[in-house]
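Below is one structure, written out as structure tokens, with a few remarks after it.
The values are calculated or read from the model by the stated rules, or taken from the named source; none is laboratory data. Quantities reported herein were computed from a predicted structural model and do not represent experimental measurements. Heads up, the Cβs are rebuilt from the backbone with ideal geometry, glycines too, and the neighbour counts pull from every protein chain shown.
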């Protein structure tokens, strides 16, 4: 019986792990309320909005509130934020949307040359649980904003203590299958040990039932 304990424990632990992987680390809700851009043509603003939207693509879309939905939930609070960006106004948006993190950006074109656009401003990440904000300063020519958006993603999105896209069923099944395979190997080795121990009594008396 003692030889069955080890493989049974391995299989049981793998089953528990499978359930934990499937249900653990539920991502927090995130609200991105958009950007405000001054002194810039509308087509440039639209392009810049698209660039900033892309940095959120790797997050769990079911937990992500993008600008259209954010405005439905907290339009007055968002308008107030862009008038005066501070932690108190961020918190009002977090309370209204139920988000743990709130993102927003406020930019303007500061180029003296009409033929080139230089974006200056700040992109913010607010943590409603800690009630603190993180600010990323931007001063880049518009043609370099694609690279700047990647840096923002790395420093402000990827650095969050947050599970991005949840593990797929295939990934979970792969982990479970690997652990189960290890359990079967242990069972095989244990079975071999039992057989060897049985053969080790060569020359001894055959046990009989009383």
How many of the residues in region 70-114 are part of a helix (DSSP H, G or I) and in contact (Cβ under 8 Å) with a residue 24 or more places away in the chain?
14
Take residue 55 and decide whether it is assigned by TED's automatic domain parsing to the domain that holds residue 97, surrounded by 16 or more Cβ atoms within 10 Å (Cβ to Cβ), closer than 23 Å to residue 145 by Cβ and out of contact with any strand residue (DSSP E or B) (no Cβ under 8 Å at 6 or more places or on another chain).
yes
If we keep just the residues of region 60-69 that are modelled with pLDDT of 95 or more and not in a helix (DSSP H, G or I), which is farthest from residue 36 (Cα to Cα)?
64
Does residue 150 fit the bill of being at pLDDT 95 or above and either under 17 Å from residue 49 (Cβ atoms) or touching a strand residue (DSSP E or B) at 6+ places or on another chain (Cβ under 7 Å) (or both)?
yes
